[in-house]
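All remarks here apply to the structure that follows.
The values are calculated or read from the model by the stated rules, or taken from the named source; none is laboratory data. None of the values given here were measured: they were computed from a predicted structure. No Cβ is skipped: glycine too gets one built from the backbone with ideal geometry, and neighbour counts run over all protein chains shown. We work out accessible area using only protein heavy atoms, side chains counted, and drop any ligands, DNA or RNA first. Shrake-Rupley method; radii C 1.70, N 1.55, O 1.52, S 1.80 Å.
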Amino acid sequence: MARPQPPPWVHAAFLLCFLSLGGAIEIPMDPSIQNELSQPPTITKQSVKDHIVDPRDNILIECEAKGNPAPSFHWTRNSRFFNVAKDPRVSMRRRSGTLVIDFRSGGRPEEYEGEYQCFARNKFGTALSNRIRLQVSKSPLWPKENLDPVVVQEGAPLTLQCNPPPGLPSPVIFWMSSAMEPITQDKRVSQGHNGDLYFSNVMVQDMQTDYSCNARFHFTHTIQQKNPFTLKVLTNHPYNDSSLRNHPDMYSARGVAERTPTFMYPLGTASSQMVLRGMDLLLECIASGVPTPDIAWYKKGGDLPSHKAKFENFNKALRITNVSEEDSGEYFCLASNKMGSIRHTISVRVKAAPYWLDEPKNLILAPGEDGRLVCRANGNPKPTVQWMVNGEPLQSAPPNPNREVTGDTIIFRDTQISSRAVYQCNTSNEHGYLLANAFVSVLDVPPRMLSPRNQLIRVILYNRTRLDCPFFGSPIPTLRWFKNGQGSNLDGGNYHVYENGSLEIKMIRKEDQGIYTCVATNILGKAENQVRLEVKDPTRIYRMPEDQVAKRGTTVQLECRVKHDPSLKLTVSWMKDDEPLYIGNRMKKEDDSLTIFGVAERDQGSYTCVASTELDQDLAKAYLTVLADQTTPTNRLAALPKGRPDRPRDLELTDLAERSVRLTWIPGDDNNSPITDYVVQFEEDQFQPGVWHDHSKFPGSVNSAVLQLSPYVNYQFRVIAVNEVGSSHPSLPSERYRTSGAPPESNPSDVKGEGTRKNNMEITWTPMNATSAFGPNLRYIVKWRRRETRESWNNVTVWGSRYVVGPTPVYVPYEIRVQAENDFGKGPEPETVIGYSGEDLPSAPRRFRVRQPSLQTISLEWDHPEHPNGILTGYSLRYLAFNGTKLGKQIVENFSPNQTKFTVQRADPVSRYRFTLSARTQVGSGEAVTEESPASPNEATPTAAYTNNQTDIATQGWFIGLMCAIALLVLILLIVCFIKRSRGGKYPVREKKDVPLGPEDPKEEDGSFDYSDEDNKPLQGSQTSLDGTIKQQESDDSLVDYGEGGEGQFNEDGSFIGQYTVKKDKEETEGNESSEATSPVNAIYSLA
């Protein structure tokens, strides 16, 4: 059946879509607009630039264009006007610029070779075709020549040259024998790209045939054959096919000397090749040698482009298709056999004919508007750009103050009707050229509607529909939609306005019924049209036919009750086995049932009820099983094998609401095992497209259920049936249904704040899924601040599932909140979570104390570090015994973070121990503190305590103060004693000479002694110098000044005993009254 053609305004709407996007070059096809609006010419069809024709046919050079008014055509040949009317063989097709050159009445096609260009012109401008180079195909004959036999030694290389005659286009070359049998080619014998036949080494069997080069010409479909070559191979051994041809070392068996490879093509060790961008690069290396060399290809500094490189001609050729600039470089082929290898380097340069970067497009403007034409091309070398207008160089065109040319761009400002023209951009380099036409059309057209007025659109409830309103105008009108002639512009939510003006209603509801008005407006006016939308109830089969088992000859009734919109005409039809059912005499079709009388075996099959209106339809299917007379099973299911149920089908969504929808399906065959459950699954296309999730589960007795939905999810459902055998395949998916959006009702879970470095904190959370996003552009508002401070909250919006805060102090607590937000609003206030910034190494443990309660044990105690810088994970203790310079084995102990005591069992009572203690966090062990055990018992008491983080008792303030006080008291006592001693001359002294005072000598009651001043002898017991002389003290209070005598003696208590004499040269009064106070040092000596 032929597909009906859409009305013209549909084409106009499609074209206008492009116009509104700024890239339109077409005018709507509406006849009334076509007759009114002008359009400069546009070339629509032309021959290729290099146009080669068959000399046996007429010549056809194509050139077609469109415009309003229709353009006229003329041609140039070799840049000069070509007068078509003067040549009887040349004509131009009607309503076209295509040239036809007819040779039926004679003439030579070669006379018309040259460069042609077509001009299409109307009153608004002139468009140009490419410069078309016309050439006549040539297929010349091979010159006659007599070829002498080619004599060659077995094992030597050989090249048979083809040298075909030059043809246009170049012929296809192939080698055959004079008997027209193809020459077998392999890696030893092959044809090069230039057409020559190469033998890497000649064998005696090569002279069994002759060799003829053939050229096939494309246009004439003829083959030209060159005179054949005959070979004469000189050999040391006669040819013996059975004994030597298949010998594993054929060359040595035939006495052929082995040779290292040498290149036959190309010659030498290096060559270069140029290729144009977009063409195929063909590199070829053919080598001789015995045995036949293998060829391998490489690219210096990189790999071969595997996606577009392929090897040809037994690896002798490398072809790279669609060459680009990155394919330039140095390639080399390596030819190798067991005798050695050689290489040939090919330097490849990629040049480029001009190619478009930004081809100029037709420009349609309204009066006073601005626009631009851009012509950007690239190539190697860089192409030059030349602008023309209406086929003439822009420099020679009349000046236009509204036009500005800047290199590859023409800018138009404040365009007017007189600015209409066709511009040509010609960009070229030494490898080719590109020519593009682009017209500038200035239109001022008030808006007009292109579709019939007051259309009626009927649509089924909950379906999606589109109201079209094609329009046209210049400047481009803006389009707005209104409902029932009031309210604001319809766009957003359940409505979407496309750029071509169509209004889409995503899900039709009853309240969407009404009159819709589209209004198109520009500066020249406005136009409007109305569309009346009617919403109809869907057609539904609410009582479906059921599977039945009937005996032959009985009556069967299949129900099919339908609910539909009363304003629509309902048609109920039946199909059997998916084919239209013929209602015969034994059948009766009613509005809600199908009755079959006298059931026969041929009635067995599937029956489908089709309820349809002009807008929609619904289907329901049942299977009828017919049993023979003798078959009367009491349980049909028990008599048949069981299997998994068939998939449910015909899923339908009804009762569409904001947060719910009713899903209805038709059960599949239970395959003799009752369906126990239905599993409803859903898929959404935003977060996890293609992944199905379980939604809900329903009993096997239902085929319709209301599903609770989340906001802003584009749902698609499927149903799986379950029986005791297993699960069915999933049903085909339902249509999609997108719920409207709402603010999130929850926030992300598993919010954590942990440091990944010592100066940061990484906040992470589990992102919300599609059913909890509730709207587009789901994002998270992350807030944080230091705990127990009054600083304000920091916040940032994150689209992922993590955010790093930094820089931060080491291991400080933070309050963290993460709140979900979408385009509809924010989620609820989030809970506050406590996180910590990154940890660092802890400081040293405090008050590390080492005690020795006994000779067998050492007790260690310590306090936690002052700065843990994280969560303590434990303590590490390293200790070893030492005795002088001897060291024992180091022992390592690890403790839990709560342990602060440890007892070490001594190995011996002599050695001391050195202990090193450090705390640990997850970052590692921190600063260590080292202490040693007390000295052995003979050096210090066992109970002496050594403390860490506390100075020795001798450095304590209270101890220093006490010692200072004691020293002061001692000093005062010494001074007092000396003063009293120095005043002893006032008392009488016993006269004794040279007789030491004995212990029995009586003292005065006040403690005074008797002194003698006789003989002026030294005081006994006074200090002497090293040479035995008496040291005379300068001080008047020296003990020597008070007496002389024999050797001094000391009592057991250390007191000095001796006789003292009065110094002779001192007067009595001087010795008693003029004595100065003695120094503390001398006082000490005195007491000694």
Checklist line | Stretch gain in nm, segment ASP547-GLN530, where the contour uses 0.36 nm per residue and the Cα spacing is subtracted | finding: 1.2 nm
Notebook entry, point to check: Under the Karplus relation 6.51 cos²θ - 1.76 cosθ + 1.60, θ = phi - 60°, what is the ordered set of whole-Hz ³J(HN,Hα) values for region 905-914, x standing for Gly and Pro?
Noted result: 7, 6, 7, 8, x, 9, 5, 9, 10, 10
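Rounded to two decimal places and with Rh computed the Kirkwood way over Cα pairs, what is Rg over Rh for region 413-477? List each step's numbers first, then the result.
Values: Rg = 21.6 Å, Rh = 16.8 Å.
Rounded to two decimals, Rg over Rh is 1.29.
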Item checked: ASP537 - accessible surface, heavy atoms, 1.4 Å probe, Å² rounded to 10 -> 50 Å²
Margin query: Which of rounded, prolate or oblate describes region 613-751 when judged by the alpha-carbon gyration tensor and an a/c cut-off of 1.5?
Written below: prolate
Check: Distance in nm between label sites at GLN225 and PHE81, each 7 Å beyond Cα in the beta-carbon direction?
Finding: 5.5 nm
Item checked: Mean separation of Cα contacts under 8 Å, 6 or more apart, over the residue count of region 359-442: relative contact order % -> 41 percent
Margin query: With every protein chain left in place and a probe of 1.4 Å, what is the accessible surface of LEU568, to the nearest 10 Å²?
Written below: 10 Å²
Note to self: Which of rounded, prolate or oblate describes region 34-136 when judged by the alpha-carbon gyration tensor and an a/c cut-off of 1.5?
What the structure shows: prolate
Next item on the list: Would you mind putting 418-430, 824-836, 894-906, 394-406 in packing order, based on average other-beta-carbon counts within 10 Å, highest first?
Entry: 418-430, 824-836, 894-906, 394-406
Check: Got a number for carbon plus sulfur as a percent of region 359-442's accessible area, 1.4 Å probe?
Finding: 47 percent
Notebook entry, point to check: Using modelled backbone amide H atoms (1.01 Å from N, in-plane), which distant-in-sequence or interchain residues come within less than 5 Å of THR554's amide H?
Noted result: VAL599
Notebook entry, point to check: Setting aside same-chain residues fewer than 8 positions from LYS886, which lysines have a Cα under 30 Å from its Cα?
Noted result: LYS901
Margin query: So if each residue of separation counts as 0.36 nm, and I subtract the Cα-Cα distance between ARG466 and THR345, what length gain in nm does that give?
Written below: 37.1 nm
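Looking at the square roots a ≥ b ≥ c of the eigenvalues of the Cα gyration tensor of region 336-463, which shape do they give, rounded for a/c under 1.5, prolate if a/b is larger than b/c, or oblate?
Working: a/c = 4.77, a/b = 1.57, b/c = 3.03.
Cα axes put region 336-463 in the oblate bin.
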Check: Excluding ligands, DNA and RNA, what is the solvent-accessible area per residue of region 445-536 at a probe of 1.4 Å, expressed in Å²?
Finding: 47 Å²
Item checked: Cut-off 20 Å (backbone N to label point 7 Å along Cα→Cβ of GLU110), residues of region 123-164 -> 133-144, 164
Check: So how do THR465, THR571 rank on accessible area, 1.4 Å probe, biggest first, that is with the largest at the start?
Finding: THR571, THR465
Notebook entry, point to check: Given R₀ = 22 Å, FRET efficiency for ASP685-TYR498 by Cβ-Cβ distance, to 0.05?
Noted result: 0.60
Check: What is the list of residues in region 857-898 whose amide nitrogen lies under 14 Å from a point 7 angstrom out from the Cα of GLU754, following Cα to Cβ?
Finding: 871
Margin query: In region 863-891, whose amide N lies under 14 Å from the spot 7 Å out along Cα-to-Cβ of ALA907? List them in ranges.
Written below: 879-891
Notebook entry, point to check: Under a straight-distance cross-link criterion of Cα-Cα below 23 Å, which lysines are reachable from LYS621, leaving out those fewer than 8 residues away in the same chain?
Noted result: LYS551, LYS563, LYS569, LYS576, LYS588, LYS589, LYS642
Notebook entry, point to check: Using the beta-carbon distance between ASP491 and SER418 and R0 = 51 Å, what value does 1/(1 + (r/R0)^6) give for FRET efficiency, to the nearest 0.05?
Noted result: 0.85
Next item on the list: Just tell me which lysines come within less than 25 Å, Cα to Cα, of LYS758; anything on the same chain fewer than 8 places away is out.
Entry: LYS783
Check: Around ARG659, with a cut-off of 14 angstrom between Cβ atoms, what is the net charge of the other residues, counting Lys and Arg +1 and Asp and Glu -1?
Finding: -1
Item checked: Which listed pairs, of LYS138/LYS382; LYS187/LYS310; LYS300/LYS338; LYS300/LYS351; LYS138/LYS308, have C-alpha distances above 28 Å, in listed order -> LYS138/LYS382; LYS138/LYS308
Notebook entry, point to check: With every protein chain present, what accessible area does SER859 have (1.4 Å probe, heavy atoms only), rounded to the nearest 10 Å²?
Noted result: 30 Å²
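Of all accessible surface on region 540-627 at a 1.4 Å probe, what whole percent is carbon and sulfur? Show your work: numbers first, answer last.
Numbers: 2190 of 4850 Å².
In region 540-627, the share of accessible area belonging to carbon and sulfur is 45 percent.
Can you put LEU533, LEU234 in order of accessible area, largest first, using a 1.4 Å probe? Could you put the intermediate results ahead of the total?
Working: LEU533 0, LEU234 75 Å².
Sorted by accessible area, descending: LEU234, LEU533.
With all protein chains present, how much of the accessible area of region 445-536 (probe radius 1.4 Å) comes from carbon and sulfur, to the nearest whole percent? Before the final figure, lay out each step's value.
Values: 1970 of 4280 Å².
The C+S portion of the solvent-accessible surface of region 445-536 is 46 percent.
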Next item on the list: Amide H neighbours of ASP196 under 5 Å, at least 5 residues apart or on other chains, H built in the peptide plane: list them.
Entry: CYS162
Margin query: For region 540-627, what does the relative contact order come out to in percent, with C-alpha contacts under 8 Å and a separation of six or more?
Written below: 41 percent
Notebook entry, point to check: What order do you get for 959-969, 739-749 when each peptide is scored by the mean count of other beta carbon atoms within 10 Å, highest first?
Noted result: 739-749, 959-969
Check: Residues with beta-carbon under 12 Å from that of GLU64, excluding GLU64: net charge, scoring Lys, Arg +1 and Asp, Glu -1?
Finding: +4
